[in-house]
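These notes are about the structure you will find just below.
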Amino acid sequence: MHMADALVSPAVGGTMWAVTAGLMAWCARKVKEARDDRLIPMMGVLGAFIFTAQMINFSIPVTGSSGHLGGGLILAVLLGPYAAFLVIASVLAVQSLFFADGGLLALGCNIFNLGFAPAFIAYPLLYTLVAGKDRTRARAWAAAMVAAIVGLQLGAFGVVLETKLSGISELPFRTFVLIMQPIHLAIGIVEGLVTAAVVAFVARARPEALALGVPRALTARSLRPVFIGLLVVAAILGGVASWFASTHPDGLEWAMAKVTGKEEVAGVEDGVHAKLAGVQAKTAFLPGYGFKKERDAGKPSGTDPESWPAVDAGTSVSGLVGGFLAFILAVIIGFALKTRMKVA
Amino acid sequence: MMSGGAANFLEVGRMDELARLDSPVHRLDARAQAITTIVFILVVMSFPRYAVSALMPLFVYPVALIAAGNLPVGVLLRKLAVAAPFALFVGIFNPLLDHHVVTRVGSFPVTGGWLSFFSIMVRFLLTVSAALILVSCTGINRLCAGMERMGMPRVFAIQILFLYRYFFVVGDEGLRMKRSVEIRCAGSRKLGFRVYGHLIGQLLLRAMDRAQRIYRAMVARGFDGEIRLMEPTRAGWREAVFVGGWTALFLATRIWNVADGLGGWLTRSGL
Amino acid sequence: MSHHVVEVKDLAFAYPDGTEALRGVSFRITHGECVAVIGGNGAGKSTLLQHLNGYLMPERGDVRVGDFSLTRETAPMVRRSVGMVFQDPDDQLFMPTVFDDVAFGPLNIGLSAGEVEERAMAALERVGMAHLRGRPPYKLSAGEKRAVAIATVLSGLPDVLVMDEPSSNLDPRGRRRLIELLRTFEHTRIIATHDLELVVEICPRVILLDHGQVMADGATVEILGDEALMLRHGLEKPHSLRHRHPH
């Protein structure tokens, strides 16, 4: 399910390549700075491991289909975010070049979709799994599940956005989303389970191996780039997604209300509150702008030849997006709070 | 996606073998080939959505390289077939959704949807074959060295080379472990989740052990954190001609609709 | 010509998990000797070898290679004099081509491209693999891998060659080639192996380890011919010595 070049416009492909290349350069610098010579052979061999693991399938009961390890999360746990991102990128590059699994122009998109979330979003989520003293089995499994699901949802959504923005496929945004997200929810569950199982295995057999990926002192400070990343993602999602969810402004408003409602319920500390207020402003601004635009235009976009099937607000795209956004924000809040408490 | 075990090694090994052939194309610096491929893909994807015939002249690039490079067509076609599903799956929605009749072939109406679908498939053929040809004519070593010269971070180049190197080793271990499990499961080829978890866990531990041993071997030979590659890449007038010539051709095809011109000329000269 | 002596005095080492791998090992090997280190699994052979090229540091005792007594600071120097051939050639051949692997050592020392080329090709020719310089390692047979692995350390011009199970996984022809090759080397050779027939053929001297200690150190025929001794330490008398009549 790596994107092919045939569906990516030069603009989208080029932009994502710029983003990905920047990220890769940054990660490469970080890896060099870490001055851990052992990383080099480890990264290489683990890349080969991921490749191999993806070639072996297990059967999923009931459904009759098969699944396998994706590996992004395992890499983040074992290597830390920077090295993990590079390894994921290398696996995708080789898949693209040798198996034509994913195009070259689209490689930037694919690396971002499949690498960013596991390395930079799931990693802090799994921090408690790896380093926490109160590490219980249930917690470990929950952390892996959440991380995997979130990561894959984001990745799948990235595919949808990039395809839509490229303008080559006629596939309507909503349909695409409604196909991709549920599928990747299932895949995410599988990934979470497999990751948790493997991490548990390693924790029992070789606990010191899990220490490689944990930074020496995980303070709120060192997590800042991660939080910024999360906020950027949330902002982009809020802005762009709402721009597309144009036929159901009501559903969008409902989603936005849901978001703001969630924030109030969360019960925030002073420092974090300012951050959240910023997020709220950002996500509220763009949809509001977009929404206003629709109202001013005087109609939902009904002039397209496509006939959008009438959909209940509860399952509307905007609802999906909004709920999703709320989830991410809840995660951010959760971590901001947790870290604050740990550091304080 | 990825399944098929042993077949994958053969695929990768095969591509590498192709890279070791000798031909005028193979002798070209990897950088020139990479740049030309990228330009090609960009030009192809820059065509408007309903372009089908306008894209046709661009087939000259992959065809010319396959011929000049002595590449086996069958291998490439097979890979194209394997890679097609994603593009097909997404592209097929176009005809289903876009019902504008855009043109007619004889008395058959052709909708925009079908036109854009064919456009997608043609682009697919062009871009994927270009990428496969690139690897088949350069090989991973030269490609990585060339890309590094062009600015790719060395850590990443090394990473790809190491991954490639140990792909076979770890993969072989994985396959053997899988086969031994399958034998014990009395013929049922599907692994259960638990078994899979253990298998992968074991494989991971072995991989990590191997990484340790490799590190030891590297240190034993004086490794100090810096991997030095000795791959010479030299670009000369041949490379310049290659890149310049093809780029000009691609742009010309983009600006002027050669297919239309050709067709018009044929019909005008009375069939 | 300097001494190139390998001298180990009362070497002791325990792993972090508490396993006492070496409990006071002592021996002295002079230049050009070919010595086999034998013992059952877990006797301490690997641990000993890892000290010889400075990968592990002694907890107690002294390891001396040529002019250097092994410490963290001198470890890089020690590694230049000692060429270590590992049990699994795949661990040792990690570069894209054979030539790259053989050039790895010289490049790390900082030699010029010309010198690297010279050394690498000389090493490959020495093991008879010069024709494979452009080959990727995964395309080599077991025997070829083993030979190339040896070349990768030869190119560093070591004084001492340390080898861990060099004849494992080789078919009879590959094994024969290896034995002949080792026979021709003039370096000090220290070979840890289970292949007792190989020992009989090319190593005049044997050091027998068990439980992290030297149980016997002397002439091969005597030690390997002592059936009781061999059995006591988890080994057996090699077949070729069963029918030997003392002259």
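The values are calculated or read from the model by the stated rules, or taken from the named source; none is laboratory data. Predicted, not measured: the structure shown is a model, and the values here were computed from it. Ideal geometry is used to build each Cβ from the backbone, glycine not excepted, and the neighbour counts take in all protein chains shown.
Of all residues in the stretch B:3-44, those satisfying the criterion of being at pLDDT below 90, buried (at least 19 other Cβ atoms within 10 Å of the Cβ) and within 18 Å of residue B:83 (Cα to Cα) are B:8, B:12, B:15. For first residues located in the stretch B:71-91 and at negative phi and assigned by TED's automatic domain parsing to the domain that holds residue B:117, partners that are surrounded by fewer than 20 Cβ atoms within 10 Å (Cβ to Cβ) and of a type in the set (Lys, Arg) and lie 6+ apart or on another chain with Cβ distances below 8 Å form the pairs B:75/B:14. Checking A:71, A:103, A:44 one by one, the residue that is within 30 Å of residue B:14 (Cα to Cα) and at pLDDT 90 or above is A:44 and no other. Are any of the residues in the stretch C:49-65 touching a residue at least 24 places away in the same chain (Cβ under 8 Å), assigned to a strand (DSSP E or B) and of a type in the set (Lys, Arg)? There is at least one residue in the stretch C:49-65 that is touching a residue at least 24 places away in the same chain (Cβ under 8 Å), assigned to a strand (DSSP E or B) and of a type in the set (Lys, Arg).
Per-residue answers, yes or no, for (1) in the same structural domain as residue A:94 (by TED's automatic domain parsing); (2) of a type in the set (D, E, K, R); (3) surrounded by 15 or more Cβ atoms within 10 Å (Cβ to Cβ):
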| position | (1), (2), (3) |
| --- | --- |
| A:11 | yes, no, no |
| A:15 | yes, no, yes |
| A:24 | yes, no, yes |
| A:30 | yes, yes, yes |
| A:42 | yes, no, yes |
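Of all residues in the stretch B:190-227, none satisfies the criterion of being of a type in the set (S, T, N, Q) and in contact with a Gly (Cβ under 6 Å, 6 or more places away or on another chain). The one condition from (1) more than 9 Å from chain B (Cβ to nearest Cβ); (2) over 12 Å from residue C:150 (Cα atoms); (3) not polar (S, T, N, Q) that residue C:94 does not meet is (1). For the residues A:53, A:48, A:83, the requirement of being more than 16 Å from the chain's Cα centre (by Cα), over 26 Å from residue B:131 (Cβ atoms), in a helix (DSSP H, G or I) and within 11 Å of another protein chain (Cβ to nearest Cβ) singles out A:83.
Regarding the stretch C:73-83, can at least one residue be identified that is facing chain B (nearest Cβ under 9 Å), under 14 Å from residue C:151 (Cβ atoms) and either assigned to a strand (DSSP E or B) or within 19 Å of the chain's Cα centre (by Cα) (or both)? Within the stretch C:73-83, one or more residues are facing chain B (nearest Cβ under 9 Å), under 14 Å from residue C:151 (Cβ atoms) and either assigned to a strand (DSSP E or B) or within 19 Å of the chain's Cα centre (by Cα) (or both). For the stretch B:177-190, the count of residues that are under 28 Å from residue A:93 (Cα atoms), hydrophobic (A, V, I, L, M, F, W, C), in contact (Cβ under 8 Å) with a residue 40 or more places away in the chain and at the interface with chain A (Cβ under 9 Å from one of its Cβ atoms) is zero. Of all the numbered requirements in (1) farther than 18 Å from residue C:162 by Cβ; (2) assigned to a strand (DSSP E or B); (3) of a type in the set (A, V, I, L, M, F, W, C), residue C:107 misses one, and that requirement is (2).
Quick grid of which residues meet (1) assigned by TED's automatic domain parsing to the domain that holds residue B:56; (2) within 27 Å of the chain's Cα centre (by Cα); (3) modelled with pLDDT of 80 or more:
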{"position": "B:190", "(1), (2), (3)": "no, no, no"}
{"position": "B:193", "(1), (2), (3)": "no, no, yes"}
{"position": "B:197", "(1), (2), (3)": "no, no, yes"}
{"position": "B:205", "(1), (2), (3)": "no, no, yes"}
{"position": "B:241", "(1), (2), (3)": "yes, yes, yes"}
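For the stretch B:8-54, a residue qualifies if it is free of Cβ contacts under 8 Å to residues at least 24 places away in the same chain and in contact with a Leu (Cβ under 8 Å, 6 or more places away or on another chain), and the qualifying residues are B:38, B:42. Return a yes/no flag: does the stretch C:108-116 have any residue that is among the hydrophobic types (A, V, I, L, M, F, W, C) and surrounded by 21 or more Cβ atoms within 10 Å (Cβ to Cβ). Yes, the stretch C:108-116 contains a residue that is among the hydrophobic types (A, V, I, L, M, F, W, C) and surrounded by 21 or more Cβ atoms within 10 Å (Cβ to Cβ). The number of residues in the stretch C:166-201 that are more than 23 Å from residue C:66 (Cα to Cα) and buried (at least 19 other Cβ atoms within 10 Å of the Cβ) comes to 11.
A quick yes/no check of all residues on (1) among the acidic types (Asp, Glu); (2) under 30 Å from residue C:51 (Cβ atoms); (3) within 14 Å of another protein chain (Cβ to nearest Cβ):
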| position | (1), (2), (3) |
| --- | --- |
| B:193 | no, no, yes |
| B:196 | no, no, yes |
| B:211 | no, yes, yes |
| B:221 | no, yes, yes |
| B:235 | no, no, no |
| B:240 | no, no, no |
| B:245 | no, no, no |
| B:251 | no, no, yes |
| B:257 | no, no, no |
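When the stretch A:59-70 is limited to residues that are touching a residue at least 24 places away in the same chain (Cβ under 8 Å) and of a type outside the set (A, V, I, L, M), the one that is farthest from the other protein chains (Cβ to nearest Cβ) turns out to be A:70.
Candidates in the stretch A:3-28 are the residues that are within 7 Å of chain B (Cβ to nearest Cβ) and not in a helix (DSSP H, G or I); of these, the one that is farthest from the chain's Cα centre (by Cα) is A:9.
Residues that are part of a helix (DSSP H, G or I), more than 28 Å from the chain's Cα centre (by Cα) and closer than 30 Å to residue B:49 by Cα: does the stretch B:168-178 have at least one? Looking for residues that are part of a helix (DSSP H, G or I), more than 28 Å from the chain's Cα centre (by Cα) and closer than 30 Å to residue B:49 by Cα, one finds none in the stretch B:168-178, hence no.
Do we have any residue at all in the stretch B:104-111 that's among the basic types (Lys, Arg) and assigned to a helix (DSSP H, G or I)? No; the residues of the stretch B:104-111 include none that is among the basic types (Lys, Arg) and assigned to a helix (DSSP H, G or I).
I'd like to know if the stretch B:101-124 contains one or more residues that are basic (Lys, Arg), over 20 Å from residue A:2 (Cβ atoms) and touching a residue at least 24 places away in the same chain (Cβ under 8 Å).
Step one: of the stretch B:101-124, the residues basic (Lys, Arg) are B:104, B:123.
Filter once more, keeping what is over 20 Å from residue A:2 (Cβ atoms): B:104.
Keeping just the survivors that are touching a residue at least 24 places away in the same chain (Cβ under 8 Å) gives none.
So far as the stretch B:101-124 goes, no, none of its residues is basic (Lys, Arg), over 20 Å from residue A:2 (Cβ atoms) and touching a residue at least 24 places away in the same chain (Cβ under 8 Å).
Applying a threshold of 7 Å to beta carbon distances and a minimum spacing of six or more residues, or different chains, the list of pairs starting in the stretch C:114-139 at a residue that is without any contact (Cβ under 8 Å) to a residue 12 or more places away in the chain and ending at one that is of a type in the set (Phe, Trp, Tyr) reads C:138/B:168.
Selection within the stretch A:94-108: residues that are crowded, with 24+ Cβ neighbours inside 10 Å and in a helix (DSSP H, G or I). The member of this set that is nearest to the other protein chains (Cβ to nearest Cβ) is A:97. For the stretch B:105-118, the tally of residues that are within 10 Å of residue B:52 (Cα to Cα) and more than 8 Å from every other protein chain (Cβ to nearest Cβ) stands at 3. Can you pull out the residues in the stretch B:118-139 that are of a type in the set (Phe, Trp, Tyr) and buried (at least 24 other Cβ atoms within 10 Å of the Cβ)? Across the stretch B:118-139, the qualifying residue is only B:124.
Residues of the stretch C:98-113 that are in contact (Cβ under 8 Å) with a residue 24 or more places away in the chain and at the interface with another protein chain (Cβ under 7 Å from one of its Cβ atoms): C:103, C:104, C:105, C:109.
All of B:89, B:93 fail the test of being surrounded by fewer than 17 Cβ atoms within 10 Å (Cβ to Cβ), out of contact with any Lys or Arg (no Cβ under 6 Å at 6 or more places or on another chain) and at pLDDT below 85, apart from B:89.
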